[in-house]
Amino acid sequence: MKTLGLIGGMSWESTAEYYRLLNELTRDRLGGLHSAPLVLYSVDFAAIERLQADGRWTEAGEVLAGAARSLEAAGAELLLICTNTMHKVADQVAAATPVPLLHLADATADAVRAAGLHRIGLLGTAFTMEQDFYRGRLAAHGLDVLVPGPGSRALVHRVIYQELCLGLVREESRAAYRRVIDELVAAGAQGVILGCTEIELLVRPEDSAVPTFPTTRLHAEAAVTAALAP
């Protein structure tokens, strides 16, 4: 099995989910006491969040590119950026090292298409929902991407940064997310992408009337499949 290189810490709450899922999936595929060979570079999310808020994406990309080079030096053979939002700098990270990068949006789009869906709702940070780096990547796979209205986008973003990234899972926020999902379904969404790795800590399959696509799990499944490929 190839050694996975994880660029994490954005937030560490979701990176912990990546670690758990990668090891559980490896055990399920290989059996016994098998676990995933991996190396993790966990950044200080406070510094990254400041760069996001200031629009200093190139500087944030330099931090992640440095992490990628460190993972290469540590023996990583396949890279994962363990956050949807920071795939805005995926090309910058990929250019920093010859180690292949498994793009989270590609893994997600593959799962949506495999389910036979084409009109899909997207929840995530404001950056992910409003900018083209993620929506455009999904559209390139033939998907019609819907996002909530401005007020709902603000709510989804606030809950991510002020609650989920701090490990706070509140029932009132789950109810609010259900209403946002209902809004997307009413607009014609056949499914909903949980396009922030923390959202899976809050939204469960039963919270949606249509299929949900949990990007952390989908990314981890694709990574294990790629790592085990000959």
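The values are calculated or read from the model by the stated rules, or taken from the named source; none is laboratory data. Small disclaimer: the values here were computed from a predicted structure and weren't measured. Heads up, the Cβs are rebuilt from the backbone with ideal geometry, glycines too, and the neighbour counts pull from every protein chain shown. These accessible areas exclude ligands, DNA and RNA; they are computed on the full protein's heavy atoms, side chains included. Shrake-Rupley method; radii C 1.70, N 1.55, O 1.52, S 1.80 Å.
Only one entry of E130, E77 meets the criterion of being without any contact (Cβ under 8 Å) to a residue 24 or more places away in the chain and among the charged types (D, E, K, R), and that entry is E130. In this structure, does R158 turn out to be part of a helix (DSSP H, G or I) and either closer than 28 Å to A229 by Cα or not charged (D, E, K, R) (or both)? It is false that R158 is part of a helix (DSSP H, G or I) and either closer than 28 Å to A229 by Cα or not charged (D, E, K, R) (or both).
Residues of region 144-189 that are open to solvent by 50 Å² or more (accessible area, probe 1.4 Å) and of a type in the set (D, E): D144, E171, E172, D182, E183. Report whether or not K2 is within 19 Å of E221 (Cβ to Cβ), open to solvent by 20 Å² or more (accessible area, probe 1.4 Å) and either among the basic types (K, R) or touching a helix residue (DSSP H, G or I) at 6+ places or on another chain (Cβ under 8 Å) (or both). Yes, satisfied. Across region 190-230, the qualifying residues are those that are assigned to a helix (DSSP H, G or I), more than 17 Å from P37 (Cα to Cα) and without any contact (Cβ under 8 Å) to a residue 40 or more places away in the chain, and the one among them that is most open to solvent (accessible area, probe 1.4 Å) is E206. Scanning region 6-18 for residues that are in contact with a Gly (Cβ under 8 Å, 6 or more places away or on another chain) and not polar (S, T, N, Q) yields E13, Y18. Answer yes or no as to whether T26 is out of contact with any strand residue (DSSP E or B) (no Cβ under 8 Å at 6 or more places or on another chain), of a type in the set (S, T, Y), more than 24 Å from T125 (Cα to Cα) and open to solvent by less than 30 Å² (accessible area, probe 1.4 Å). Spelling it out, T26 is indeed out of contact with any strand residue (DSSP E or B) (no Cβ under 8 Å at 6 or more places or on another chain), of a type in the set (S, T, Y), more than 24 Å from T125 (Cα to Cα) and open to solvent by less than 30 Å² (accessible area, probe 1.4 Å).
Scanning region 98-131 for residues that are open to solvent by 10 Å² or more (accessible area, probe 1.4 Å) and not in a helix (DSSP H, G or I) yields a total of 12.
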